[in-house]
Amino acid sequence: MYETILNLHSYWAYLVFLVLIIAAINALIKTFGDKEYTAKDFRIALFSLIVSHIQFLIGLILYFVSPRFELWRELGGKVMSNSLARLYLVEHPFVNILAVALITIGYSKHKKKLTSASKLKTIAVFYTIALVLFLSRIPWDSWMG
């Protein structure tokens, strides 16, 4: 079961990145280009929200079924002094939860805005920060290897 969830989490991440990059770049281009907010922009933002939440749920399941979770018991308070354990058990989950929260906040805030410029700017800011956070805490050695 662990391997299946790990593979799903890893492959779904590609979809999350693709959609989030599209959403962030689209919002940035339209913000700086002074373009109008359209139904297509809404759908892109919504799809980014949905795939990121699905990734969060897959990651949450993975966290608790992972053999690495046992490191909490084995290392106890020394998890923070072990860089690999800290990445998998603390940094990666915390930063990615924060990124998903930013996507959710950005999506929610943009719906309340009244002008195209403010809607697009809100998506651009929140989704771009979330993308940077995601990229900062990927365990690149295991994800690409």
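The values are calculated or read from the model by the stated rules, or taken from the named source; none is laboratory data. The model shown is predicted, which means the values in this text are computed figures rather than measured ones. No Cβ is skipped: glycine too gets one built from the backbone with ideal geometry, and neighbour counts run over all protein chains shown.
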Problem set entry | Residue that is in contact with a Leu (Cβ under 8 Å, 6 or more places away or on another chain) and free of Cβ contacts under 8 Å to residues at least 60 places away in the same chain, where the choices are LEU131, LEU102 | LEU102
Problem set entry | Residue under evaluation LEU131, criteria (1) modelled with pLDDT under 90; (2) farther than 18 Å from TYR2 by Cα, criterion not met | (1)
Exercise. Which residue out of SER10, SER48 is farther than 17 Å from ILE103 by Cα, within 13 Å of the chain's Cα centre (by Cα) and not basic (Lys, Arg)?
Worked result: SER10
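Just the residues that are hydroxyl-bearing (Ser, Thr, Tyr) and part of a helix (DSSP H, G or I), please, taken from region 63-74.
Within region 63-74, TYR63 is the sole residue that qualifies.
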Problem set entry | Condition met for LEU28 (modelled with pLDDT under 95 and assigned to a helix (DSSP H, G or I)) | no
Exercise. Just checking, which of LYS111, LYS119 is loosely packed, with under 15 Cβ neighbours inside 10 Å and part of a helix (DSSP H, G or I)?
Worked result: LYS111
Seminar exercise, completed: Residues of region 42-62 being of a type outside the set (A, V, I, L, M, F, W, C) and either in a loop (DSSP other than H, G, I, E, B) or in contact with a His (Cβ under 9 Å, 6 or more places away or on another chain) (or both), in sequence order, are GLN55, GLY59
Exercise. Condition test on ALA124, is it over 19 Å from PHE64 (Cα atoms) and touching a residue at least 12 places away in the same chain (Cβ under 8 Å)?
Worked result: yes
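So that you can scan it fast, the table gives a plain yes or no per residue for (1) modelled with pLDDT of 90 or more; (2) more than 11 Å from the chain's Cα centre (by Cα):
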residue: LYS40; (1), (2): yes, yes
residue: ARG43; (1), (2): yes, yes
residue: HIS53; (1), (2): yes, no
residue: GLY59; (1), (2): yes, no
residue: PRO67; (1), (2): no, yes
residue: LEU71; (1), (2): no, yes
residue: VAL79; (1), (2): no, yes
residue: ARG86; (1), (2): no, yes
residue: ILE97; (1), (2): yes, no
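Let's see how each residue does on (1) polar (S, T, N, Q); (2) more than 20 Å from ILE25 (Cβ to Cβ):
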site: GLN55; (1), (2): yes, no
site: ILE58; (1), (2): no, yes
site: PHE64; (1), (2): no, yes
site: HIS110; (1), (2): no, no
site: LEU114; (1), (2): no, yes
site: SER136; (1), (2): yes, no
Exercise. What do you reckon, is PRO93 over 16 Å from ILE138 (Cα atoms), in contact with a helix residue (DSSP H, G or I) (Cβ under 8 Å, 6 or more places away or on another chain) and surrounded by fewer than 19 Cβ atoms within 10 Å (Cβ to Cβ)?
Worked result: no
